[in-house]
Amino acid sequence: MANHKSAIKRARQNELRRLRNKSVKTRIKTIVKDIRSAAGTSGKDMSAQINAAQSAIDRASKKSVIHKRTAARKISRLTKLANSTRS
């Protein structure tokens, strides 16, 4: 456990950020999982789901919850999946 006043504050801030980031990451994982399962079954009219996923991923990237290249990779893979199911 932290002993200095500044270290105690830093530990408290880190815990709050960890919880905030956890909810954002969980939301992204859920959205991606839903899109992948929808692509496996029907694959019709996924554009609304893709837009929602892209928005959530971009928001997480903007808040530095995930790295910008990770966000770009996730969006690219989802778009590629959606385009392959339309064909």
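The values are calculated or read from the model by the stated rules, or taken from the named source; none is laboratory data. Because the structure is a prediction, the values reported are computed rather than measured. Note that each Cβ is placed from the backbone with ideal geometry, even for glycine, and that neighbours are counted across all protein chains shown.
Looking at the structure I just gave you, is Ala2 farther than 17 Å from Ala72 by Cα and not in a helix (DSSP H, G or I)?
yes
Looking at Ile8, is it aliphatic (A, V, I, L, M) and more than 20 Å from the chain's Cα centre (by Cα)? Talk me through it step by step, then tell me what you get.
Numbers: aliphatic (A, V, I, L, M): yes; more than 20 Å from the chain's Cα centre (by Cα): yes.
Yes, satisfied.
So Leu81 fits all but one of (1) touching a residue at least 12 places away in the same chain (Cβ under 8 Å); (2) surrounded by fewer than 17 Cβ atoms within 10 Å (Cβ to Cβ); (3) aliphatic (A, V, I, L, M); what number is the exception?
Here Leu81 clears every test but (2).
Between residues in the range 25-49 that are at positive phi and residues that are surrounded by fewer than 17 Cβ atoms within 10 Å (Cβ to Cβ) and modelled with pLDDT under 90, which pairs lie under 6 Å by C-beta distance while being six or more apart or on different chains?
Between residues of the range 25-49 that are at positive phi and residues that are surrounded by fewer than 17 Cβ atoms within 10 Å (Cβ to Cβ) and modelled with pLDDT under 90, the close pairs are Gly43/Thr85.
Run down Ala48, Ala72, Ala60 and say which single residue is modelled with pLDDT under 95 and either surrounded by fewer than 12 Cβ atoms within 10 Å (Cβ to Cβ) or in a helix (DSSP H, G or I) (or both). Outline the logic, then answer.
Working: Ala72 fails: modelled with pLDDT under 95; Ala60 fails: modelled with pLDDT under 95.
The conditions single out Ala48.
Could you identify the single residue in Ser37, Ser23, Ser61 that is closer than 16 Å to Arg77 by Cβ and within 10 Å of the chain's Cα centre (by Cα)? Before the answer, list the steps.
Numbers: Ser37 fails: within 10 Å of the chain's Cα centre (by Cα); Ser23 fails: closer than 16 Å to Arg77 by Cβ.
Testing whether each residue is closer than 16 Å to Arg77 by Cβ and within 10 Å of the chain's Cα centre (by Cα) leaves just Ser61.
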